[in-house]
Amino acid sequence: MSQYEKDTWYDQNGRIVFTVSKGLVGVGFPRKAKKGELGWEDIKDMTSGTVERTIIDDTMPGGAIERTIIYEAPFTLCNREDDYQIAWKSFSGSGFGVRGSGLGEEEV
């Protein structure tokens with residue numbers, strides 16, 4: 001799981017722009033571009049601007065529709081462990097939730 005997180009990149013709006021996760025096939029750009037298209041290697045170093053990807057979305061009743069997804073650079077990695085630390089610090093002084101780590105302890 002941590003390997004997937006280390007190579008899942010997000011745009012400024014939280015959309016996955018690239019991932020190696022086998023469970024998310026077709027999400028974001030492919031690593032290498034096919035002829036006439038963009039790939040992750042073409043866009044990963046963008047510091048600003050947008051890039052578009054048009055897909056066929058067949059996830060809803062009523063049939064497939066064409067969607068254009070706009071990704072906003074720069075692209076970033078998330079760090080779940082850092083995010084948890086920030087959340088725990090925020091909750092620890094608020095008097096909300098569980099004492100300590102929250103693992104097997106009584107609610108306040």
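Please determine whether any residue of region 56-64 is surrounded by 10 or more Cβ atoms within 10 Å (Cβ to Cβ) and either among the polar types (S, T, N, Q) or touching a Phe, Trp or Tyr at 6+ places or on another chain (Cβ under 9 Å) (or both). No: zero hits. Annotation note: Cβ proximity below 8 Å between a residue of region 38-49 that is touching a residue at least 24 places away in the same chain (Cβ under 8 Å) and a residue that is of a type in the set (K, R) and exposed (fewer than 10 other Cβ atoms within 10 Å of the Cβ) (sequence gap 6+ or interchain) occurs for no pair. Here are some conditions: (1) in contact with a strand residue (DSSP E or B) (Cβ under 8 Å, 6 or more places away or on another chain); (2) closer than 20 Å to C78 by Cβ. M46 meets all but one. Which one does it not meet? Every condition holds for M46 apart from (1).
Restricting to region 65-78, and then to whatever is surrounded by 10 or more Cβ atoms within 10 Å (Cβ to Cβ) and of a type outside the set (A, V, I, L, M), can you tell me which residue is farthest from D7 (Cα to Cα)? Taking the candidates together, the pick is R67.
Scanning region 32-40 turns up at least one residue that is of a type in the set (G, A, S), modelled with pLDDT under 95 and in a loop (DSSP other than H, G, I, E, B). The selection criterion, being among the small types (G, A, S), under 20 Å from K6 (Cα atoms) and within 15 Å of the chain's Cα centre (by Cα), holds for G28.
The values are calculated or read from the model by the stated rules, or taken from the named source; none is laboratory data. This one's a predicted model, so the numbers in the text were calculated from it and none came from an experiment. All Cβ positions, glycine included, derive from the backbone under ideal geometry; neighbour counts span all protein chains shown.
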